[in-house]
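**Q** Quick one: the structure is below, questions incoming.
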Amino acid sequence: MKTILIFNLDAPKTRSGLFLSALLGGLLPWLLLGCATPRGEPRPLRETTVWVVRHAEKTSAEAKDPPLSEQGQVRAEDLARRLKGEGVEVFLVSPTLRTQATAEPLARASGKELLSYAAKDYAGLRERILKEFRGKTVLVVGHSNTVLEILEALGAPRPLPALADEDYDYLFRVSLPEAGAATVKTVQYGAAHRQ
C-alpha cells in the first residue's frame with residue numbers, strides 16, 4: 001500500500017504560507033527520494049579469519065626465552081610467503097622472542113605492528129578478536145601447549161589430539177562467520193616434519 005501526499009504550493013502567500021512553501025519545496029524531493037529507495041537491504045555478514053600457528057623452531061629448550069634457530073628463521077620466512085596473499089591485518093603474539101620472530105617477517109612486509117596477548121587467556125583472546133578485529137584477517141602465533149586451546153576457544157573443533165614437540169609445520173585457518181559455527185582447516189607450510 002502506497003501513501004500519496006499532495007501539497008498545494010500555490011496557496012495564498014502569507015508569511016507562514018511562504019515559509020511552508022519554501023520548506024516543503026526544498027524538502028519534498030528529498031522525502032520522496034527516501035521513500036523510493038529499497039528498504040532494509042541486508043548488510044553483508046562479516047567473516048573473521050584467524051590464522052593460528054605455533055612459533056617456528058627455537059634454539060634451546062633450556063633457555064627461558066629462546067630465540068628462533070636458523071631453521072626457525074627459515075620457517076618464519078616460509079610463513080610470510082604462505083600468508084602473503086591472505087590479507088593479514090592484525091598480528092597477535094605472546095610476549096616471547098620466538099612468537100614475535102615468527103610473525104615479524106610478514107608483519108614487516110605488511111607494514112603492521114605486532115600486538116601482544118596473554119598466552120593462556122583464551123577467553124580474553126577470543127573476546128579481543130571478536131570485539132576489536134571482527135571482519136578482519138588475524139594471525140595468532142602461539143605455542144605447542146596453547147595452539148589447540150586457542151582453536152577451541154574460538155569455537156572450532158580440535159583438528160588433532162595434540163601437537164608434538166617437533167610439530168612446527170601446522171597452520172590452522174579458523175573461519176568465524178558473524179552467524180553460524182566456526183570451522184577450521186589444517187594446512188602445512190615450510191619443511192615437513194612428517195614424511
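The values are calculated or read from the model by the stated rules, or taken from the named source; none is laboratory data. All figures in this text were calculated on a predicted structure; none of them were measured in a lab. Please note: Cβ atoms are built from the backbone with ideal geometry, for glycine as well, and neighbour counts cover all protein chains shown.
**Q** I'm trying to understand the selection: among the residues of segment 57-96, which are outside any loop (DSSP other than H, G, I, E, B), surrounded by fewer than 17 Cβ atoms within 10 Å (Cβ to Cβ) and touching an Asp or Glu at 6+ places or on another chain (Cβ under 7 Å)?
**A** Correct list: 71 only.
**Q** Cβ-Cβ distance below 7 Å, separation of 6 or more or different chains: which pairs start in segment 118-146 with a residue that is more than 25 Å from residue 68 (Cβ to Cβ) and end on one that is basic (Lys, Arg)?
**A** These pairs meet every condition: 134/46; 135/46.
**Q** Separate question: Is there a residue in segment 73-86 that is acidic (Asp, Glu) and at pLDDT below 95?
**A** Step one: of segment 73-86, the residues acidic (Asp, Glu) are 77-78, 86.
Filter once more, so that each one left must be at pLDDT below 95: none.
Checking segment 73-86: not a single residue is acidic (Asp, Glu) and at pLDDT below 95.
**Q** Identify, by number, the condition in (1) part of a helix (DSSP H, G or I); (2) in contact with a strand residue (DSSP E or B) (Cβ under 8 Å, 6 or more places away or on another chain); (3) at pLDDT below 95 that residue 119 doesn't meet.
**A** Here residue 119 clears every test but (1).
**Q** If you don't mind, there's one more thing I want to ask. Are there any pairs, at least 6 apart or on different chains, whose C-beta atoms fall under 6 Å, with the first in segment 95-116 and over 17 Å from residue 82 (Cα atoms) and the second among the hydroxyl-bearing types (Ser, Thr, Tyr), and if so, which?
**A** Partner pairs satisfying both residue conditions: 95/116.
**Q** Tell me, please, whether a residue that is surrounded by 20 or more Cβ atoms within 10 Å (Cβ to Cβ) and part of a loop (DSSP other than H, G, I, E, B) can be found in segment 106-114.
**A** no
**Q** Suppose we keep only residues that are modelled with pLDDT of 95 or more and part of a loop (DSSP other than H, G, I, E, B) within segment 164-181. Which one would you say is surrounded by the fewest Cβ atoms within 10 Å (Cβ to Cβ)? Step through it out loud before you land on a result.
**A** In the first step, residues of segment 164-181 are kept if they are modelled with pLDDT of 95 or more; the result is 167-177, 181.
From what is left, the residues that are part of a loop (DSSP other than H, G, I, E, B) are 167-169, 177, 181.
Details: 167: 15, 168: 24, 169: 20, 177: 12, 181: 10.
Here the answer is 181.
**Q** Do you know which of the residues in segment 36-56 that are of a type outside the set (Val, Ile, Thr) and surrounded by 10 or more Cβ atoms within 10 Å (Cβ to Cβ) is modelled with the lowest pLDDT? Break it down into steps so the answer makes sense when it comes.
**A** Going residue by residue through segment 36-56, those that are of a type outside the set (Val, Ile, Thr) are 36, 38-47, 51, 54-56.
Those still in the list that are surrounded by 10 or more Cβ atoms within 10 Å (Cβ to Cβ) too: 45-47, 51, 54-56.
On the way: 45: 68, 46: 87, 47: 96, 51: 99, 54: 98, 55: 98, 56: 98.
Top of the filtered list is 45.
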